[in-house]
1. For Ala33, work out the one condition from (1) farther than 17 Å from Asp82 by Cβ; (2) in a helix (DSSP H, G or I); (3) modelled with pLDDT of 70 or more it doesn't fulfil.
2. Select from segment 37-47 the residues that are surrounded by fewer than 15 Cβ atoms within 10 Å (Cβ to Cβ) and within 18 Å of Val10 (Cβ to Cβ) and list them in ascending order.
3. Quick one: which residue in Ala2, Ala68 is at pLDDT 65 or above, farther than 21 Å from Gly79 by Cα and of a type in the set (Gly, Ala, Ser)?
Amino acid sequence: MALGTLVSRVTGLIRLTLQGAALGTGLLFAHGAATADSTLPGGRMLQALGLGLIPFSAQYLLLRGFYAFENTRTPFWMGGVDLRTDIVLPPRATCCCRCGGR
């Protein structure tokens, strides 16, 4: 696959993630007692999930590669950096989607 094709696919995925989730939840879930405005927080949550899915998948693939080469130290240190990041960042920065950004 050419680099230009890969870049265009990633760009399209990011654009769809940023715009599509908020619009799509209003169309999919706005029925009954739910309105388009009440489904907007769910759309924001799906946007954050979609953006986080890309680095999570990359980390998962890297982890498999390190284990295939019998390198267990690097995933340990990567987990340590992740844990330190979770400890150092304020709770508001790590739970913005769950709390609705309040």
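The values are calculated or read from the model by the stated rules, or taken from the named source; none is laboratory data. Note that the coordinates shown come from a computational prediction; the quantities given were computed from them, not determined experimentally. With ideal geometry, Cβ positions are generated from the backbone for all residues, glycine too; neighbour counts draw on all protein chains shown.
1. (2)
2. Selection gives nothing.
3. Ala2
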